[in-house]
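Working notes for the structure below.
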Amino acid sequence: MVFPQSRPRRLRATAAVRSLVSETTLRSSDLIAPLFVAEGIDQPREIPSLPGVFQHTVSSLLHETQKLLEVGVRAVMLFGVPLTKDQTGSGAWAPDGLVQQSLSALRQEFGDELVLMSDLCLDEYTDHGHCGVVRDDGSVDNDATLRLYARTALAQARAGATMVAPSGMMDGQVGAIREALDAEGLSEVGIVAYSVKYASALYGPFRDAVNVAIADGGDRRSYQQDFHNIHDARREVLLDIDEGADMVMVKPAVTYLDVIAKVREFVDVPVLAYHVSGEYAMIQAAARQGWIDGQAVALEQLVAVRRAGATAVLTYFAGELAPLL
Ligand code: PBG
């Protein structure tokens, strides 16, 4: 028995009515492109596990950013790939370090056209691959790390970052950085907090992209969150907002839609989501086999992330999808 009044298909009958009742938008200005700049290369180098994504030179980085702006992507998140690493990750805050040089070049070229975010972490710069200072017993020293994050924030802010984005999951990192920036008269520089970051196997291709291997088969489970849990996500987000975060982030994205939806419910700052390297690589791998339509799946996933409540999405698909939006 079909009830005459119960015909949901009326609202799906034509493209016109479908677009009228469409609830979720995805615009190119909702996308943030993660970009890599590498030392010691003289031309862009494709990352094997992230096809279509490159380690850039400063000049190809400027060119890539120009192309992104032309298709309406107005925000980037910059990562550095240094040639040399050491125990404390000193390359992260070197005033003439590659990320700092790149931030200056981008700021000079694009000014306020671009939201220039800078990933703030030590793992790309440490020889042990951890996101902080490692003690003799192998544990990560939270408070010693905060001092280095504060230094790195100052270097990035002075170089031209409009927002710094601490991703190391140390307790108190947002507060330590906010305090350091304010003390140096850099109060206009914002903080995008990687607040909810799970210890995920989906970061694999990223670690290839930045040449990071964690020493002695280690992992990040003493600082990144356990994926069995959701309640500490609330605690992490509220602490970061309290400490001065301008935006919070949930990472990864598609595997954590429940977390995005929950965080969206109780915060009043923008909630970003990071569609991470493994999420990108899985789609590209299947698409390259001809098993799925990669762009269609990417679009479906990114809309799902917005539907769950994300204000904006970091995605390696930014440049490829923006022209289709
Ligand atoms: C840490 C950092 C990571 C990512 C962003 N910032 C790696 C990690 O925590 O091991 C992963 C991003 C991705 O997988 O796309 N600097």
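Bear in mind that the values in this text are calculations on the coordinates, not laboratory data. Just so it is clear, the structure is predicted and the values come from calculations on it, not from any experiment. Cβ sites come from the backbone with ideal geometry, for glycine too, and all protein chains shown count toward neighbours.
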**Request:** List the pair-distance distribution P(r) of the stretch 139-267, using every Cα-Cα distance, as the percent of pairs falling in each 10 Å bin from 0 up to the bin containing the longest distance, rounded to whole percents.
**Result:** 12, 40, 36, 11, 0
**Asked** So how much slack lies between ASP258 and ASP143, counting 0.36 nm per residue of separation and subtracting their Cα-Cα distance, in nm?
**Response** 38.3 nm
**Request:** Enumerate the amide H contacts of GLN225 below 5 Å, restricted to partners 5 or more residues apart or on another chain; note that Pro and chain-start residues carry no placed amide H.
**Result:** LYS197, TYR198, ALA199
**Item:** Per-residue [θ]222 nm for the chain (sum of -39500 (n - 2.57) over DSSP H runs n ≥ 4, rounded to 500)
**Value:** -11500 deg cm²/dmol
**Prompt:** Residue by residue through the stretch 67-83, which ³J(HN,Hα) values in whole Hz follow from phi under the Karplus form 6.51 cos²θ - 1.76 cosθ + 1.60 (θ = phi - 60°), with glycine and proline marked x?
**Reply:** 5, 4, 4, 5, 9, x, 8, 10, 9, 10, 10, 9, 10, x, 10, x, 7
**Asked** When all C-alpha to C-alpha distances in the stretch 147-203 are sorted into bins of 10 Å, what percent of pairs does each bin hold, rounded to whole numbers?
**Response** 24, 53, 19, 4
**Prompt:** Hey, any idea what the orientation-averaged projected area of the convex hull of the stretch 1-155's Cα atoms comes to, in nm²?
**Reply:** 15.9
**Message:** What translational diffusion coefficient, to the nearest whole µm²/s, does the stretch 194-325 have by Stokes-Einstein, given a Kirkwood radius computed over alpha-carbon pairs, a temperature of 20 °C and 1.002 mPa s viscosity?
**Reply:** 137
**Request:** Could you work out how far apart the two model spin labels at ILE214 and LEU299 are, taking each label as a point 7 Å from the Cα in the direction of the beta carbon, and quote it in nm?
**Result:** 3.7
**Inter-site label distance for LEU69 and GLU23 at 7 Å from Cα along Cβ, in nm** = 3.7
**Message:** Less than 13 Å Cβ to Cβ from ARG307, Lys/Arg counted +1 and Asp/Glu -1: what total charge do the surrounding residues give?
**Reply:** -2
**Request:** Using only Cα atoms, tell me the angle between helix 257-266 and the longest principal axis of the chain; keep it within 0 to 90° and round to the nearest 10.
**Result:** 80
**Request:** Using every Cα-Cα pair within the chain, state what percent have a distance larger than 30 Å.
**Result:** 33
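Over the stretch 143-273, what is the mean sequence separation of C-alpha contacts under 8 Å (at least six apart), divided by residue count, expressed as relative contact order in percent?
Computed over the stretch 143-273, the figure is 25 percent.
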**Space enclosed by the convex hull of the alpha-carbon atoms of the stretch 272-325, per residue, Å³** = 72
**Message:** If you average 1/r across every pair of different Cα atoms in the stretch 98-215 and take the reciprocal, what Kirkwood value do you get, in Å?
**Reply:** 14.9
**Request:** Taking every pair of alpha-carbon atoms in the stretch 38-98, give the share separated by more than 17 Å as a whole percent.
**Result:** 49
**Message:** If the elastic network links every pair of Cα atoms under 10 Å, which of ASP232, ASP171, ASP246 fluctuates the most in the Gaussian network model of the chain?
**Reply:** ASP232
